[in-house]
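The values are calculated or read from the model by the stated rules, or taken from the named source; none is laboratory data. Computed from a prediction, not measured in an experiment: that's the story for all the values here. Here the Cβ positions follow ideal geometry from the backbone for every residue, glycine too, while neighbour counts run over all protein chains shown. For the accessible areas, the whole protein counts, side chains as well, though only heavy atoms, and no ligand, DNA or RNA atoms are used. Shrake-Rupley method; radii C 1.70, N 1.55, O 1.52, S 1.80 Å.
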Amino acid sequence: ADFGFVEKGLLEGTTFWDKNSNGVLEGATIDTRVPSIRVWLDTNNDGIENNGETAVNTDAQGNYKFLVPPGSYVVRYLSTDADWATANPSIQGPLGTQTTPGSYAVTVASGQEIENLNFGRDNSGRIG
């Protein structure tokens with residue numbers, strides 16, 4: 001019998017200080033994860049978080065995840081410099097240079113996990 005159950009999919013990633021500006025999240029000795037960054041599902045793909053769009057702030061490790069029904073989504077992060085100027089003393093901010101895509105357009109199937117939708121930034125003007 002078909003009871004109409006559809007398993008949700010998972011979209012997940014991390015926000016990070018991309019210290020070597022290569023666009024790849026690497027180990028803690030190279031990159032630093034950035035907490036409290038806003039990430040949302042941009043339903044109408046207008047680049048603005050609108051009322052009714054699902055959003056989260058990254059956790060203490062810079063991670064986020066969305067449990068979603070099968071379908072197509074645009075995952076986007078709040079990329080203004082002020083948002084990346086954190087109180088974490090190990091981060092030499094603000095992190096004004098984007099090193100990864102500013103959004104990801106993905107299609108998720110029932111039960112599928114799409115990982116590594118990561119958002120990285122660097123401070124290209126830093127020394128050291």
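For segment 42-55, residues that are outside any loop (DSSP other than H, G, I, E, B) and open to solvent by 40 Å² or more (accessible area, probe 1.4 Å) total 0.
Of all residue pairs spaced 6 or more apart or on separate chains, those with beta-carbon atoms under 9 Å, a first member in segment 42-59 that is touching a residue at least 60 places away in the same chain (Cβ under 8 Å) and a second member that is part of a loop (DSSP other than H, G, I, E, B) and charged (D, E, K, R) are D42/E49; D42/E53.
Out of the residues in segment 1-41 that are free of Cβ contacts under 8 Å to residues at least 40 places away in the same chain and part of a strand (DSSP E or B), which is most open to solvent (accessible area, probe 1.4 Å)? Step by step, filter segment 1-41, then rank; the result is R33. From the list A55, A60, the one residue that fits, being over 17 Å from L117 (Cβ atoms) and of a type in the set (G, A, S), is A60.
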